[in-house]
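The values are calculated or read from the model by the stated rules, or taken from the named source; none is laboratory data. All values derive from a computational prediction rather than experimental measurement. Neighbour counts run over all protein chains shown; Cβ positions are idealised from the backbone, glycine included. Heads up: the accessible areas ignore ligands, DNA and RNA and are worked out on the full protein's heavy atoms, side chains in. Shrake-Rupley method; radii C 1.70, N 1.55, O 1.52, S 1.80 Å.
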Amino acid sequence: IDGRGWRSGAPVEKKRLAQWFYRITADAPELLSALDELEKWPERVRVMQANWIGRSEGARLRFGLVTPEAGIDEVEVYTTRPDTLYGMSFLAIAPEHPLAAAVAARDAGAAAFVAECARLGTSEAVIEAAEKRGYDTGIRVAHPFIEGASYPVWIANFVLMEYGTGAIFGCPAHDQRDLDFARKYGLAVPPVVLPPGEDAATFQVGAKAFVDDGVIIHSGFLDGLTAPAQAKRAAIAELERRGAGKGVVNWRLRDWGFSRQRYWGTPIPVVHCHSCGVVPVPETELPVVLPEDVQFDVPGKVLDHHPTWKHVPCPACGAPAERDTDTLDTFVDSSWYFARFCSPRASGVVDRAAVDHWLPVDQYIGGIEHAILHLLYARSFTRAMRKTGYLGVDEPFEALFTQGMVTHASFRATDGRWLTPDEVDLRGDGSAVERASGEAVLVGRIEKMSKSKRNTIDPGEIIDRYGADTARWFILSDNPPERDMEWTEAGAVGAFRFTQRLFRLVESAPARPSSMPNAWSAASRALRRTTHRIISAVTEALDDFAYNVAVARVYELTNAISDAERGDATDASLVWARFEALEAVARLAAPMMPHLAEEMYTRLHPGFDGVVADLPWLEADAALAAAESVIIAVQILGKLRGTIEVAPGADDASVLAAAAGEANVARQLEGKRIVKRIYVPGRIVNFVIAG
RNA sequence: GCGAGAGUGGCGGAACGGUAGACGCAGUCGACUCAAAAUCGACCGACGCAAGUCAUGGGGGUUCGAAUCCCCCCUCUCGCACCA
């Protein structure tokens with residue numbers, strides 16, 4: 001952790017650290033390399049983190065100014081393409097670069113250009129991103145390899161001060177941005193990488209830079225090299241030999257500025273003292289607690305203008321001093337809460353035995369919006385906690401699942417007001433009117449719920465109207481959890497209807513049979529087969545996060561129970577099977593609609609005083625789930641021509657004979673020569689015929 | 001621009017390389033009702049009277065067999081974005 005912006009010698013109220021930083025950059029190499037081991041994380045998140053960390057290999061090199069400017073005699077450049085140094089035609093610096101400032105001090109044109117770039121800043125710069133503009137400073141720099149050659153130095157709006165060194169060497173033939181810039185200002189475009197099939201004597205770059213691999217040409221000692229890695233190594237070695245530069249690894253990741261001028265956050269446990277500077281609050285006085293008697297309606301920092309909170313004696317010398325009145329970014333709290341959750345009542349930070357037992361988190365579920373910041377901070381924080389002995393793992397989350405968001409259509413009145421779903425009546429044809437006025441409403445995009453678009457659904461109202469189980473069931477049933485789901489009234493009503501249907505099935509359920517039947521009817525065997533097949537299907541679906549499929553399977557079993565209800569009421573074995581199936585529905589649905597499941601189970605088992613959630617998970621009986629006969633698809637040349645029903649263990653010859661004998665198949669095989677017979681047991685027969 | 005992912009009925013979506021469209025929503029018809037709601041039953045990819053044919057963004061390929069695997073293209077979504 002670093003403090004930056006310290007102004008020594010200033011009065012105490014100014015004697016503040018402008019911002020606290022967490023040095024996450026120190027972890028960059030490990031945070032990147034360890035991504036490979038997070039096998040149970042989505043590829044997408046790992047890629048996003050890798051891009052965010054942004055490792056690149058290249059070289060830093062210095063270009064000497066032919067004539068020094070205001071004491072500056074060289075410009076340092078970062079490049080990933082030292083192999084194209086001979087293709088240089090200009091050097092470009094960011095408008096915020098010190099050399100640009102030096103030039104602006106004496107050159108009104110440069111000053112105007114720099115000011116213009118600053119004015120456009122970030123917002124408009126994005127819009128005008130396509131337009132590359134520059135200003136020729138008149139300064140020239142020498143080439144590190146080519147004796148006597150010199151190149152113009154431009155200030156360019158497309159060079160970023162935040163990345164690399166804020167300066168680049170322009171190689172237009174092999175970089176599209178440099179090419180756009182060179183064409184605009186009529187700068188040279190010397191090619192130094194030859195595409196396959198081109199002639200070195202005649203090759204020229206047109207409107208598109210050649211950025212792929214080729215043979216190095218017109219490049220002195222690099223000529224003839226074909227492998228880019230080899231050419232880069234050779235160029236770097238030469239730079240190092242001449243003392244003009246060196247190979248470096250560059251990172252995009254910046255340190256995490258993690259102090260905030262807000263009330264809601266963890267106080268930063270340091271005291272600022274006139275004579276001792278920044279003094280940590282002693283461990284015995286931790287944690288520093290936020291005051292509760294605060295005023296939010298006064299301008300400025302809440303903690304700063306609290307009358308007493310910040311005034312404390314310096315822990316080191318006892319003189320009057322002040323607490324830091326910034327708070328930590330709330331991402332700090334989410335970077336280690338999972339460790340605290342292992343032992344929430346621990347007197348210290350965490351209980352080491354508890355975190356050793358529980359961490360890493362077996363399965364983390366969260367929104368994709370946390371792909372980078374939270375998940376990267378937590379990974380780094382976990383490493384910091386390991387180094388300081390609080391826990392013993394590097395990676396906090398072994399497996400990650402990113403679920404989608406709940407979305408809803410948005411509505412807008414003709415005068416532009418956003419309307420809530422409650423203020424709108426939907427018509428059958430998809431149009432909508434404002435309930436109060438009857439006026440037409442524009443039905444907008446289906447998007448993430450937000451207060452500004454007013455397309456939110458209040459969970460409290462849903463629970464009041466339908467109950468929490470309906471909401472759960474609908475959300476799970478609508479689509480796969482990794483995708484965004486659309487909340488619709490019709491969908492909620494459909495889920496609600498199902499809860500009512502389940503309840504009716506339980507109300508009309510038979511009493512729990514006292515003993516198992518001796519004989520099983522065909523109908524009862526079929527129902528039990530369905531029950532046990534679905535127990536394993538739901539189990540598998542839940543394990544795979546395929547909650548929508550688990551829901552569909554529960555529907556299937558429910559439909560089978562409804563069919564059985566209409567069956568032979570005097571069939572004792574069917575009644576028994578029905579009870580078993582209903583009990584299975586209650587227990588399989590329990591994770592997804594717990595309240596109704598408990599109610600169902602209790603009604604099936606009067607006197608039961610436990611909870612379904614505590615019962616062991618149901619296990620399917622494979623023997624009962626096994627089919628008594630299987631339907632085999634019969635294809636000719638891969639096209640379905642019929643189906644046959646056979647015993648599960650039927651031998652190949654008899655299945656093939658039955659397949660060939662199927663009426664439609666037989667008709668189509670007539671007079672044809674069968675060249676190959678394929679039988680995939682229990683699934684399919686395929687006849688390959690000649691001609 | 002770079003990277004990742006996805007395209008299946010009217011909609012959400014199923015489908016170890018093996019009967020495409022499970023299940024739900026919407027819809028159609030019917031039962032019940034004086035009527036409506038609720039409920040229950042049947043139907044529900046396209047073309048066709050039918051037999052059948054065609055269908056998983058488009059085009060090739062591998063295979064006895066492709067929504068699924070490979071190549072090219074198109075479209076969409078997401079992330080990063082003058083990253084040198």
Carbon/sulfur fraction of accessible area - region A:116-223, other protein chains in place, 1.4 Å, %: 55 percent
query: Once you put a point 7 Å from the Cα of A:Leu290 and another 7 Å from the Cα of A:Thr388, both along the Cβ direction, what distance in nm separates them?
result: 2.0 nm
message: Counting only Cα atoms, I'd like the Rg/Rh figure for region A:495-538, Kirkwood definition for Rh.
response: 1.06
query: What trypsin sites (Lys or Arg not before Pro) does region A:375-477 have in DSSP loop regions with at most 16 other beta carbons within 10 Å?
result: A:Arg417, A:Arg427, A:Arg435, A:Lys451
task: Evaluate E = 1/(1 + (r/R0)^6) for A:Thr202 and A:Asp543, where r is the Cβ-Cβ distance and R0 equals 56 Å; express this FRET efficiency to the nearest 0.05.
output: 0.30
- prompt: So if we plug the beta-carbon distance of A:Glu43 and A:Ala552 into 1/(1 + (r/R0)^6) with R0 = 22 Å, what FRET efficiency do we get, rounded to 0.05?
  reply: 0.25
query: Which distance in Å, rounded to a whole number, links the C-alpha centroids of region A:541-558 and region A:42-71?
result: 49 Å
task: Please determine, in degrees from 0 to 90 and to the nearest 10, the orientation of helix A:176-185 with respect to the longest principal axis defined by the Cα atoms of chain A, where the helix direction is its Cα long axis.
output: 40 degrees
Of the trypsin sites (Lys or Arg not before Pro) in region A:174-252, those whose Cβ has at most 15 other Cβ within 10 Å and which sit in DSSP loop: A:Lys208, A:Arg242, A:Arg252
- prompt: Put +1 on the Cβ of every Lys and Arg and -1 on every Asp and Glu Cβ in region A:459-606; which of A:Gly467, A:Ala511, A:Ala490 then has its Cα farthest towards the positive end of the dipole?
  reply: A:Ala511
query: Which chymotrypsin sites (Phe, Trp or Tyr not before Pro) in region A:253-341 pass both tests, a DSSP loop state and at most 12 other beta-carbon atoms within 10 Å?
result: A:Trp264, A:Phe296
Region A:94-223, relative contact order in percent, only Cα pairs under 8 angstrom and at least six apart counted: 18 percent
- prompt: Considering amide H positions built from the backbone, and no H for Pro or chain starts, which residues 5 or more places from A:Ile689, or on another chain, come under 5 Å of its amide H?
  reply: A:Leu637, A:Val675
query: How high is the FRET efficiency between A:Asp614 and A:Glu447 when r is their beta carbon distance and R₀ equals 56 Å, given to the nearest 0.05?
result: 0.90
- request: Using Cα centres only, tell me the gap between region A:256-290 and region A:349-415 in whole Å.
  value: 25 Å
task: For region A:585-650 and region A:193-253, compute the distance between their C-alpha centroids and round to whole Å.
output: 64 Å
- prompt: How much length is gained if the chain between A:Val278 and A:Thr80 is pulled fully straight, taking 0.36 nm per residue apart and subtracting their Cα-Cα distance, in nm to one decimal?
  reply: 67.2 nm
- line: To the nearest 20 debye, chain A has a Cα-centred charge dipole, built from +1 on Lys and Arg Cβ and -1 on Asp and Glu Cβ, of 840 debye
- prompt: Which angle between 0 and 90 degrees, to the nearest 10, do you get for helix A:547-565 versus the longest principal axis of chain A when only C-alpha atoms count?
  reply: 10 degrees
